[in-house]
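Single-structure report; data block below.
The values are calculated or read from the model by the stated rules, or taken from the named source; none is laboratory data. Computed from a prediction, not measured in an experiment: that's the story for all the values here. We place every Cβ from the backbone using ideal geometry, glycine too, and count neighbours over all the protein chains shown.
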């Protein structure tokens, strides 16, 4: 039996009714055609919103530590590592194939202070003192694996489930599968903690072979104007804006008429329509002046070290409140968590920038009753090796690393899986990136093997043809 396929936006009704593109081409010009386009898009989108089973979560906030944080120094203590520090890797441990590791390098101790926290007694290091206070709501997955051995492949796989380019990102699959819960805001939003770009750039939140309308929208959380060019220029009144939009609509329709397969143009048209609606909804959504000083301090907006990521975390909470489905926040934009040398200074600085904001986000979501329906995911593209590199750093480790999840139906205060005694390989209840994505989708009510998109006659699935939901996330 062929798996159920959710209809795509380009499907033509079997009764011969006009497709959306045909209707748009016949719909005239001006704001009338924009309204028709919006209504048709909204109706088709609503047809996609069909969960396969009751959802635990309504939205996802993915906190992405770009560059690869060290699980050995954050969430997975290894006493044996300190005992054997300076010695070669024992022969009983097989070295992983990494991007540029120094073969035969000695083991590097973790000089962290570790403690157990909360009723659950989960371990965390002194680099995460604020997140440690929330561990009773967190499920730490210590047995993650990936195929990406360098940043380009690792980041690509953690975002798209494959370590080579060309596939839709997880946020795009969520948008495709569930549609938008707020027609006046993007369903999939990305924020970075600098004006730079992550490795792979916009492909990390791209829609791959699906229509471009499902790609993420990057907004700038580091300035006073999170969404650039949202406000009309001074002296540009509503009548003049409507005239400009009507003329632009004419140009777009004429161009689209000769290029019916170019989904990027349709996405651009829809982005203009969305931008028009956002001029009313978005300014309020990103206006942090509405927040109390107590809330701003909770996220660390009162300190230089935490202000940037804290602002992004607070914006994420405000967007979740308003129905945005998938929000991805990049910490260390541009692979700054990469620490082949001087991991002490590198991780100290980055942990300081994100620890309090992330803890504030969890606490704020919980006190507002939003954590139960918001899945928060934290992690990078891979971990770090127990062997040293350049004497005081660690190389990439794709064979065993940690992420954590909280909220969205996840049972907190538990550890899932394990790495070996040195933290090199996942050895218990391994979760590949495909399993991570399958689990996120399942918590949103989507089955990774049932959700398909027909691409050139082939039913494509978000996790290729693998991946399973880890039921321990909800059962403990």
Filter result for residue 411 (outside any strand (DSSP E or B), touching a helix residue (DSSP H, G or I) at 6+ places or on another chain (Cβ under 7 Å), touching a residue at least 12 places away in the same chain (Cβ under 8 Å) and surrounded by 23 or more Cβ atoms within 10 Å (Cβ to Cβ)):
no
Please go through (1) assigned to a loop (DSSP other than H, G, I, E, B); (2) in contact with a strand residue (DSSP E or B) (Cβ under 7 Å, 6 or more places away or on another chain) for residue 147 and return the number of the only condition it doesn't satisfy.
(2)
Looking at the stretch 277-306, which of its residues are modelled with pLDDT under 90 and either surrounded by fewer than 17 Cβ atoms within 10 Å (Cβ to Cβ) or more than 23 Å from residue 218 (Cα to Cα) (or both)?
277, 279, 280, 281, 283, 284, 287
Suppose the filter is assigned to a helix (DSSP H, G or I), out of contact with any strand residue (DSSP E or B) (no Cβ under 6 Å at 6 or more places or on another chain) and more than 26 Å from residue 197 (Cβ to Cβ); does residue 359 pass it?
yes
Would it be correct to say that residue 348 is out of contact with any strand residue (DSSP E or B) (no Cβ under 8 Å at 6 or more places or on another chain) and in contact (Cβ under 8 Å) with a residue 60 or more places away in the chain?
yes
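When you look at residue 346, is it surrounded by 17 or more Cβ atoms within 10 Å (Cβ to Cβ), at pLDDT 95 or above and over 26 Å from residue 410 (Cα atoms), yes or no? Reasoning before the result, please.
On the way: surrounded by 17 or more Cβ atoms within 10 Å (Cβ to Cβ): yes; at pLDDT 95 or above: yes; over 26 Å from residue 410 (Cα atoms): yes.
Yes, satisfied.
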Tell me, please, whether a residue that is modelled with pLDDT under 90, under 22 Å from residue 69 (Cα atoms) and either assigned to a loop (DSSP other than H, G, I, E, B) or in contact with a helix residue (DSSP H, G or I) (Cβ under 7 Å, 6 or more places away or on another chain) (or both) can be found in the stretch 175-195.
yes
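In this structure, does residue 153 turn out to be part of a helix (DSSP H, G or I), without any contact (Cβ under 8 Å) to a residue 24 or more places away in the chain and within 30 Å of residue 426 (Cα to Cα)?
Details: part of a helix (DSSP H, G or I): yes; without any contact (Cβ under 8 Å) to a residue 24 or more places away in the chain: yes; within 30 Å of residue 426 (Cα to Cα): yes.
Yes, satisfied.
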Every residue in the stretch 363-399 that is buried (at least 22 other Cβ atoms within 10 Å of the Cβ), out of contact with any helix residue (DSSP H, G or I) (no Cβ under 8 Å at 6 or more places or on another chain) and assigned to a loop (DSSP other than H, G, I, E, B), please.
399
Restricting attention to the stretch 109-120, does a residue exist that is at pLDDT 95 or above and either within 27 Å of residue 438 (Cα to Cα) or under 24 Å from the mean Cα position of the chain (by Cα) (or both)?
yes
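Only one of 335, 402, 339 is in contact (Cβ under 8 Å) with a residue 40 or more places away in the chain, crowded, with 24+ Cβ neighbours inside 10 Å, touching a helix residue (DSSP H, G or I) at 6+ places or on another chain (Cβ under 9 Å) and assigned to a loop (DSSP other than H, G, I, E, B). Can you tell me which?
On the way: 335 fails: crowded, with 24+ Cβ neighbours inside 10 Å; 402 fails: assigned to a loop (DSSP other than H, G, I, E, B).
Going through 335, 402, 339 in turn, just one is in contact (Cβ under 8 Å) with a residue 40 or more places away in the chain, crowded, with 24+ Cβ neighbours inside 10 Å, touching a helix residue (DSSP H, G or I) at 6+ places or on another chain (Cβ under 9 Å) and assigned to a loop (DSSP other than H, G, I, E, B): 339.
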With (1) crowded, with 20+ Cβ neighbours inside 10 Å; (2) over 26 Å from residue 366 (Cα atoms); (3) modelled with pLDDT of 95 or more as the list, and residue 148 as the residue in question, which single condition is left unmet?
(3)
Restricting the search to the stretch 286-310, which residues are in contact (Cβ under 8 Å) with a residue 12 or more places away in the chain, assigned to a helix (DSSP H, G or I) and under 18 Å from residue 366 (Cα atoms)?
295, 296, 298, 310
